[in-house]
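A.B. asks: What follows is a structure written as C-alpha cells; I'll ask about it next.
The values are calculated or read from the model by the stated rules, or taken from the named source; none is laboratory data. Not measured: the values here are computed from a predicted model. Cβ sites come from the backbone with ideal geometry, for glycine too, and all protein chains shown count toward neighbours.
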Amino acid sequence: MPDESTLHNEQPARKQQQRSLVTQQKLLDAAVEAFSENGFKGTSTRDIAERAGVHHPLITYHFKNKDQLWRAAADHIFGAFRNALAGALEEYKDQGAKQRMSALIHAYVNYAKNQPALHKVMVQEASYPNPRLEWLIDNHLKPIFTVTFGMIKELQDIGVAVPGNPALLFSMIRLSTGGLLALGNELKASSGIDVNDPETLSEISEMIIRVFLPGDMPASTSESKSDQ
C-alpha cells in the first residue's frame, strides 16, 4: 500500500501531465488551423501560440521547433484520415469490391468535410517541391495510394471502374471531392449548393461513384463474395 506522502507526490505529477496534454492538444489544433490557412512559410510559431492561447516558449518545450510541430500536426490530420478509411474498409470487408470502394469514397467525403485542413495542407505543400511534401507522401499518402490503386485496378478489370491509369483515376476522385468542398462558399452563393448539408454530402459521394464506377459487379463475383 502506498503511504500518504507517495499519494501527495503522485497527484501533482498527474495534474501536471494532464495540463501538458491539454497544452499539446491546443497547440496541435492551432497549428492545423494556421498551417492550413497560411502554409509553412507563412506561419510563425508566435502566431500558433497566440491562437492556442499559450506562452510562446511552450512550443519549443513540447515540439522543439516549427518543423516538428508541422509534422505533428500533419500526423494528427492524416493519421486520423487513414484510420477513417481503414475503418470503412474493415466494416465492408465481407462485401463486394464496388461496395468496399463506395464505402471508401463515402468515408473520404465525410472526413474531408469534417477536417478541411486535409486538402488545404496538401494544396499548400504541393505548390512547390519541399522536404515536408516528400515526408507527407512517404509517411501518409503512399500507404493509402498503394491500397486504393489496387482496388481501382481490380474494379477496372471487371468492368466496374472507367478504364485508364488507376493512379490518375484515383487522383480525379480525390480532387473532385476536395475541389467541391474547398469551393463551398462559392457553390452556395452561385448555385445554392450547401456542402454542409448531410444530404448534399451523400449526393456528392453517390455522384462520384456513378461517374467513376459506373459498371455493375459481375453476377458470379457478387455471388461468390456473398457466399464467403
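A.B. asks: It is to be established whether one or more residues within the stretch 102-115 are touching a His at 6+ places or on another chain (Cβ under 7 Å) and crowded, with 17+ Cβ neighbours inside 10 Å. Spell out how you get there, then give the answer.
C.D. replies: To start, the set of residues in the stretch 102-115 that are touching a His at 6+ places or on another chain (Cβ under 7 Å) comprises 112.
Those still in the list that are crowded, with 17+ Cβ neighbours inside 10 Å too: 112.
Checking the stretch 102-115: at least one residue is touching a His at 6+ places or on another chain (Cβ under 7 Å) and crowded, with 17+ Cβ neighbours inside 10 Å.
A.B. asks: Among the numbered conditions (1) of a type outside the set (A, V, I, L, M); (2) surrounded by 11 or more Cβ atoms within 10 Å (Cβ to Cβ); (3) at pLDDT 95 or above; (4) out of contact with any Leu (no Cβ under 8 Å at 6 or more places or on another chain), tell me where LYS225 comes up short.
C.D. replies: The one condition LYS225 does not meet is (3).
A.B. asks: So is PRO129 over 16 Å from the mean Cα position of the chain (by Cα), surrounded by fewer than 16 Cβ atoms within 10 Å (Cβ to Cβ) and either under 23 Å from ILE77 (Cα atoms) or at pLDDT 95 or above (or both) or not?
C.D. replies: Here the answer is yes, as PRO129 does meet what is asked.
A.B. asks: Right, another one. For the stretch 164-185, indicate whether the set of residues that are more than 23 Å from ARG82 (Cα to Cα), of a type outside the set (Lys, Arg) and part of a helix (DSSP H, G or I) is non-empty.
C.D. replies: Among the residues of the stretch 164-185, at least one is more than 23 Å from ARG82 (Cα to Cα), of a type outside the set (Lys, Arg) and part of a helix (DSSP H, G or I), which makes the answer yes.
A.B. asks: Just checking, which of ALA31, ALA49 is closer than 16 Å to ARG132 by Cβ and at pLDDT 95 or above? If you could, list the steps in order and put the result at the bottom.
C.D. replies: Working: ALA49 fails: closer than 16 Å to ARG132 by Cβ.
Sole residue among the options that is closer than 16 Å to ARG132 by Cβ and at pLDDT 95 or above: ALA31.
A.B. asks: Let me ask another. Does the stretch 152-171 include one or more residues that are crowded, with 17+ Cβ neighbours inside 10 Å and under 24 Å from GLU33 (Cα atoms)?
C.D. replies: No.
A.B. asks: Quick one: which of PHE35, PHE63 is over 20 Å from LYS120 (Cα atoms), under 23 Å from the mean Cα position of the chain (by Cα) and surrounded by 18 or more Cβ atoms within 10 Å (Cβ to Cβ)?
C.D. replies: Working: PHE35 fails: over 20 Å from LYS120 (Cα atoms).
When all the criteria are applied, what remains is PHE63.
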